[in-house]
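Accompanying notes for the structure given below.
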Amino acid sequence: MVRARGGRVSSLPVTVADASARSATCKWVPGRRSRSVKKLYVGNLPFSATEDSLHEFFAQGGVNPSAVNLIRDRFTGQSRGFAFVEITNDEESGSRG
C-alpha cells in the first residue's frame, strides 16, 4: 500500500519522485515496463500523420520502434499533432548515460 498525497491510500504501483531533489528522480516500479524501454515524445506532427508513417520515418533513421502511439481526438479521430514512440535500445534513443 502506498499513502498518496492527502492521506488517501492506493494499492496501485506508482512512480515515486524525491520531493527534496532539484530534479525529480523516478524510481523503477517492479511489474511495470522494462527499464530498457525509452518512451519518446514526438511533437509538431501534421494532422495527416499516421502510425505507419511515423514507423517508416524512424526506420529511415535506423531506429526500430517497439511501439508508436499517435494521440488522436476521441470524437473526430483526427491526429492531435503529437505521438509517443517506444524505443528498446538506449543507443537508438540517443540518451546519454
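What follows is calculated from the coordinates using simple rules that are stated; it is not laboratory data. Only a predicted model underlies this, so the values are computations on that prediction, with no experimental measurement involved. Virtual Cβ from ideal backbone geometry, glycine too; neighbours counted across all protein chains shown.
Note on residue 86 and residue 57: their simple-model spin labels are 2.0 nm apart, each label 7 Å out from Cα toward Cβ.
Placing +1 on the Cβ of every Lys and Arg and -1 on the Cβ of every Asp and Glu, with no other charges, gives the stretch 36-91 a dipole of roughly 280 debye about its Cα centre.
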